Amino acid sequence: MHGARSIVRFAFTIGMFFTLAGCCESEEKTPQAAPAGGQTSAAPKEVYTIGMSQCNLGEPWRVQMNKDVELAAEKHPNLEVVFKDAQNDTLKQRAHVEEFVSAGVDLLIISPKEAQPLTEPVAKAFQAGIPVIVLDRAVLGDQFTCFIGADNTKIGRAAGEWIAEQLGGAGRVVELKGLMTSIPGQDRHSGFREGIEGTDIEVIFEADMKWLESNARKEMESALARYDDIDMVYAHNDPGAHGAYLAAKAADRHEDIMFVGIDALPHEGIAYVIQDILDATFQYPTGGAEAIDVALRIFAGEEVPKHIVLGSRLFTKDNVADGGVAIE
Ligand code: FRU
């Protein structure tokens, strides 16, 4: 594994050598003199190197994000993307960002594990003149070029409203939260609470399962042991909902409980809905293709929006065959 990574790094270093050697403008990229990473005004390059810092590849959704970036980039021979996987380690991800900056990448794409600890290295990259696209999980402040992601508060609110409707306005819910030091976890939580406000939905058990199926399963085992009567599980992602389902199934209580997740990958959440494992899943697009689109616009010297909000769809057994419905 290390070997593979060093080959990539070696290829990258060589690649950077030729890229930099072929361009006389790049020596002007000193941290002080360079403008913060907005659109580039330099002459077009033959090859642009993009550093992609992924917080982990342990979950199918992140594998899909990298695939989306790769597929979109492949269509443009002038783009080279170098991927780094932080393996769910914040310190490693900080180091990856710094490595990309010292290697002089033309643009950084990052899907950060946590907001606060990644804010500083991202800001430094941006201040060094490197355009930074932040994907899915936000950082704090405004020291980046463009954020791309779906509206997690809106998704959480829609989940709350859907759950309240399914339960006729009253019921007992378990909330399995995503990592609460990440913005999607915080927003999916607060949005959900807004969605059930004024109803008689009671959250009887809540726990931070940190986006991980194995943690969700353990937390659900505790919830099942404590409560005889659970109507619904709202998990902040599909792996979490699936983990909860497995715990309920092992206790032979899965038929009494409904399960809702978020992500709706075709081969994960949507498949679970079709298989009657989940009752609903809300789409959370990866934004990978959009990131490449924005990168190309930045390289072309165009202004890009600071925030790009992606849409979401609700998939249930009733609408999955029709491609779900857009959420308002
Ligand atoms: C993958 C994931 C997704 C979730 C997203 C939130 O790491 O947990 O399941 O929707 O991150 O950032």
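Per the Debye formula on identical point scatterers at the alpha carbon atoms of the range 238-279, with no solvent, log10 I(q)/I(0) at q = 0.22, 0.27, 0.32 Å⁻¹ is -0.61, -0.87, -1.12. For the residues GLU70, GLU46, GLU206, a GNM of the chain with alpha-carbon springs under 10 Å puts the largest fluctuation on GLU46.
Accessible surface of the chain, 1.4 Å probe: 53 percent of it comes from carbon and sulfur atoms. Taking the Kirkwood radius as the inverse of the mean 1/r across Cα pairs, report the Rg/Rh of the range 281-328. Here Rg/Rh amounts to 1.17. For the range 60-100, trypsin sites (Lys or Arg not before Pro) meeting the loop criterion (DSSP other than H, G, I, E, B) and having at most 11 other Cβ atoms within 10 Å: LYS75.
In the full protein context, the chain carries 44 Å² of accessible surface per residue, based on a 1.4 Å probe and ignoring ligands, DNA and RNA. Where does helix 90-103 land angle-wise versus the long Cα axis of the chain, in degrees 0 to 90, nearest 10? Computed tilt is about 20 degrees.
Using only C-alpha positions, report the orientation-averaged shadow area of the convex hull of the range 206-328, nm², one decimal.
Working: hull surface 37.3 nm².
Averaging across all directions leaves 9.3 nm² for the Cα convex hull.
Relative to its Kirkwood radius, the Cα radius of gyration of the range 52-95 gives an Rg/Rh of 1.03.
Counting only alpha carbon atoms, the long axis of helix 60-74 and the longest principal axis of the chain meet at about 30°. Applying a DSSP loop filter and a limit of 13 other Cβ atoms within 10 Å to the trypsin sites (Lys or Arg not before Pro) in the range 259-328 leaves LYS306, LYS317. Working from Cα pairs under 8 Å separated by at least six residues, relative contact order for the chain is 17 percent.
Each Cα pair of the chain feeds into the Kirkwood radius, which the Stokes-Einstein equation turns, at 4 °C and 1.567 mPa s, into a diffusion coefficient of 63 µm²/s. Averaging 1/r over each pair of different alpha-carbon atoms in the range 29-186 and inverting the result gives 17.0 Å, the Kirkwood hydrodynamic radius.
What is the angle, in °, between the Cα long axis of helix 115-127 and the longest principal axis of the Cα atoms in the chain? Nearest 10 is fine, range 0 to 90. Relative to the chain, helix 115-127 is tipped by roughly 20 degrees.
Across the range 194-209, rounded Karplus estimates of 3J(HN,Hα) from the backbone phi angles (6.51 cos²θ - 1.76 cosθ + 1.60, θ = phi - 60°) give 5, x, 9, 4, x, 9, 9, 6, 10, 8, 8, 8, 9, 8, 8, 9 Hz, Gly and Pro being marked x.
The values are calculated or read from the model by the stated rules, or taken from the named source; none is laboratory data. Being a predicted model, the structure only gives us computed values, none of them experimental. No Cβ is skipped: glycine too gets one built from the backbone with ideal geometry, and neighbour counts run over all protein chains shown. We work out accessible area using only protein heavy atoms, side chains counted, and drop any ligands, DNA or RNA first. Shrake-Rupley method; radii C 1.70, N 1.55, O 1.52, S 1.80 Å.
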